[in-house]
Every structure is written in C-alpha cells, then in structure tokens.
Amino acid sequence: MTDSTRLRIAIQKSGRLSKDCQDLLKQLGVKLELREQRLIAHATNMPIDVLRVRDDDIPGLVMDGVCDLGIVGENVLVEAQAERARQSLPSDVNKLAKLDFGYCRLALAWPQELGAQSKQWFEGKRIATTYPEILSQYLARENIKASVVMLTGSVEVAPRAGLADAICDLVSTGATLEANGLMQGETILESNACLIQNPALQDDAKLSLINKLLPRLRGVKQAKESKYIMLHAPKARLDEICALLPGTGQPTVLALAGSEELVALHMVSSETLFWETMESLKTLGASSILVMPIEKMME
Ligand code: ATP
Ligand code: MG
C-alpha cells in the first residue's frame with residue numbers, strides 16, 4: 001500500500017551507498033522496518049516511506065516527483081540531468097546537502113604500457129564509459145574529438161577486450177585500475193552522495209518534515225567531525241594548555257574534588273586531538289586526557 005501523504009525517499013537497494021543511507025536515516029531518527037526483498041520500507045515513527053531501487057533510477061524518480069527526496073551519487077545525478085535535459089524531460093532537483101559518504105572520482109585511464117599521455121593522445125580514440133554525457137561534455141570542453149563507447153559494466157576490461165583504447169570510469173582507491181593494467185589520468189568529476197529534493201514539492205506537511213530533518217542532518221555531520229575532550233590540568237598552566245586545544249569553543253573549567261592545584265577541563269572540539277598534541281599537553285602537566293566521539297549535536 002502506498003500513501004501519497006507520506007514523504008517518499010529513494011535510496012539504493014543494494015550497493016555501495018545502501019548501508020550508509022540506512023545508517024543516515026537511523027541517525028536522523030527514522031525507524032525503518034527493512035525487509036530484504038521489499039521495495040518499500042515504512043517508517044514506524046514518522047510519515048516516511050523509503051523506496052529501495054537501483055541508484056540509476058533515483059534521479060528520475062525525484063525529478064518526476066514519484067519520490068520527494070533521494071540519496072544518490074553526484075556522478076549518477078549529473079549524468080541523468082544531462083541525459084534528461086537532452087530528451088526534454090524534467091531534470092531539475094534541489095540539492096539539499098552533500099553527504100560525507102560515497103566519495104569517488106570519474107577519471108580517464110589507459111593501458112599502463114603506453115606510459116604517460118597528454119590530452120591530445122585521446123584525439124580520434126575510442127573511450128569506454130558508463131557516463132557518456134559527462135564524458136562527451138568534457139571532450140567538447142577540451143576540444144577533443146574522440147568516440148564514446150557506452151558500457152553499463154566492467155568498463156575496466158574494455159581496453160584489454162579490444163572494445164576501446166581508453167576508459168572513463170569511477171575510481172576510489174585506484175586498485176581496480178591497477179589490477180587491470182590501467183594508468184589513471186585526469187579526474188573529470190569528483191563525487192559524493194547527495195540528498196536531492198523534487199523542486200516542485202509543495203505539500204506543507206512534507207516540507208515541514210524536511211525542515212525538521214535538515215537540522216538533524218547538520219547535527220549528525222557536525223557530531224561526526226567533533227570530539228568531546230576531557231582532561232585534568234594544573235591551574236597554573238591553564239592558559240598554555242588551552243592554547244594547544246583545537247577548535248574555537250571556550251572550555252568548561254571544573255573544580256576537582258580533593259585537589260587545590262588541578263582542575264578538570266571539558267570542551268567540544270571541531271577536530272580530533274592528534275597524538276602529538278596529547279603528548280605536548282602531557283608535557284605541560286595535563287593528565288587523564290580523554291577524546292570521545294559525540295553522537296548528536298544541536299546548537
Ligand atoms: P545499482 O545496482 O544500484 O545500479 P551500481 O552497481 O550502479 O548499483 P554501486 O557500484 O553500488 O552502483 O555504486 C553506487 C555509487 O557509489 C556510485 O554511483 C558512486 O556514486 C559511489 N561510489 C563510491 N565509490 C565508488 C567506486 N569505487 N566505484 C564505483 N562507485 C563508487
Ligand atoms: Mg547503478
């Protein structure tokens with residue numbers, strides 16, 4: 001059963017973004033009943049339905065208003081936008097947030113044995129890719145005339161299989177390219193997962209639910225980047241110790257039971273404490289130094 005009053009979010013069913021998407025929804029406080037084979041998962045505590053689909057379908061579902069929100073890689077989004085614009089289909093989305101997962105880059109690569117090559121080498125060559133629109137735009141920008149061979153999978157084997165001279169594919173560590181004897185060249189797009197919204201969405205209840213989720217999303221992001229730092233410090237060296245602590249916040253200074261010389265210092269820092277800083281703090285007389293993760297934040 002589907003209910004059009006419930007906010008619909010499209011996420012990848014199974015693949016590189018699935019676990020991070022599910023974790024994110026959980027961190028936003030969305031309780032989901034996920035059953036492996038089900039296309040739709042209903043939230044039990046909010047009017048939200050999660051559609052689990054192939055990542056390639058997510059931009060279209062959001063652009064056509066079938067789903068209100070979607071989480072998808074920028075690579076897939078940019079490709080779909082260009083393709084749909086060419087077909088005169090709706091291609092607009094509101095990008096609500098860039099998320100901190102799904103990082104990868106779309107890069108050119110060619111057989112290692114050819115050694116380093118300049119852009120001119122691509123002139124007249126065949127390049128295999130799953131991202132023909134992004135690649136064609138790049139080639140037009142760079143004024144390179146090459147033919148684009150569209151492959152939906154196993155792009156990295158194309159040169160060896162004689163299907164193409166070079167490839168344009170997603171890379172995160174470069175291990176796949178190396179394993180296939182390919183040398184990495186220019187990055188033509190850097191990508192992260194992002195949260196997108198149908199720009200025509202007007203339903204007040206849905207919009208206010210989104211406005212409730214967005215500060216939570218910022219809170220989750222901020223909490224991930226922040227640490228709670230606690231330590232004991234000699235009163236006499238407080239200024240020197242504070243000067244070593246990262247972040248802009250003022251620390252809380254608390255009395256320590258039974259000690260005249262020492263105080264406890266607590267602070268939320270926008271970054272972690274490196275071992276070197278902890279060692280310098282210790283040299284100044286700090287002790288019991290704790291660096292703890294923060295689960296949620298609201299300012
Ligand atoms: P689906 O069956 O949903 O179509 P898929 O095989 O197209 O899945 P995945 O390989 O799961 O997709 O990748 C999903 C997204 O993860 C990519 O579009 C990209 O945004 C991101 N990603 C992050 N790192 C990589 C990587 N090393 N290779 C490919 N994609 C990556
Ligand atoms: Mg896909």
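The values are calculated or read from the model by the stated rules, or taken from the named source; none is laboratory data. Model, not experiment: these values are computed from the prediction. So basically every Cβ, Gly included, is an ideal-geometry build from the backbone, and we count neighbours across all protein chains shown. Each accessible area value is taken on the protein alone, full model and side chains, heavy atoms only, with ligands, DNA and RNA left out. Shrake-Rupley method; radii C 1.70, N 1.55, O 1.52, S 1.80 Å.
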Suppose a student asked you for the relative contact order of segment 1-48, using Cα pairs under 8 Å spaced at least 6 residues apart; what percent would you report? 35 percent
Listed residue pairs exceeding 18 Å between alpha carbons, taken from Lys235/Lys282; Lys19/Lys221; Lys31/Lys98; Lys26/Lys296: Lys31/Lys98
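Only Cα pairs under 8 Å and at least 6 apart count here; give the relative contact order of the chain as a rounded whole percent.
Once normalised by length, the contact order is 17 percent.
Given a Förster radius of 41 Å and the C-beta distance between Lys125 and Ser4 as r, what FRET efficiency does 1/(1 + (r/R0)^6) yield to the nearest 0.05?
0.25
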Determine the percent antiparallel among the DSSP beta bridges restricted to the chain, to the nearest 5. 75 percent
So what does Tyr103 come to for accessible area, using a 1.4 Å probe and Å² rounded to 10? 110 Å²
Just flag the trypsin sites (Lys or Arg not before Pro) in segment 99-165 sitting in loop per DSSP whose Cβ has no more than 13 other Cβ atoms within 10 Å. Lys145, Arg160
Nitroxide proxy distance, nm - points 7 Å out along Cα→Cβ at Glu271 and Thr152: 4.5 nm
Distance from segment 79-116 to segment 202-225 (C-alpha centre basis), Å: 26 Å
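If I take R0 = 30 Å and measure r between the Cβ atoms of Ala82 and Glu113 in this structure, what FRET efficiency does the formula 1/(1 + (r/R0)^6) give, to the nearest 0.05?
Computed FRET efficiency for Ala82 and Glu113 comes out at 0.35.
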When the accessible area of segment 123-280 is split by element with a 1.4 Å probe, what percent falls to carbon and sulfur? 52 percent
Can you tell me the length gained on complete extension of the stretch Thr173 to Arg54, counting 0.36 nm per residue apart and subtracting the Cα distance? 40.5 nm
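As a test of the formula, what do you get for the chain when each DSSP H run with n ≥ 4 contributes -39,500 (n - 2.57) and the sum is divided by the residue count, at 222 nm and rounded to the nearest 500 deg cm²/dmol? If you can, show how the numbers build up before the last one.
Working: 8 runs with 82 residues, N = 299.
Only helices count here, giving -8000 deg cm²/dmol.
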Rounded to the nearest whole Å², what accessible area per residue is found for the chain with the 1.4 Å probe? 54 Å²
Please list, by residue number, every one of the trypsin sites (Lys or Arg not before Pro) in segment 19-74 that is coil in DSSP and has at most 15 other beta-carbon atoms within 10 Å. Lys31, Arg35, Arg38, Arg54
Label points 7 Å out from Cα along the Cβ direction at Gln37 and Asp203: separation in nm? 2.8 nm
Can you compute the modelled spin-label distance between Arg16 and Lys282, with each label point 7 Å from Cα toward Cβ, in nm? 3.9 nm
Area accessible to solvent at Val220, 1.4 Å probe radius, in Å²: 10 Å²
Once you keep just the Cα pairs under 8 angstrom separated by 6 or more residues, what percentage relative contact order results for segment 80-203? 43 percent
Paramagnetic reach from Ser136 (point 7 Å along Cα→Cβ, amide N under 17 Å) across segment 181-214: none
Once the piece of chain linking Glu299 and Asn45 is laid out straight, how much longer is it, given 0.36 nm per residue of separation minus the C-alpha distance between them? 89.0 nm
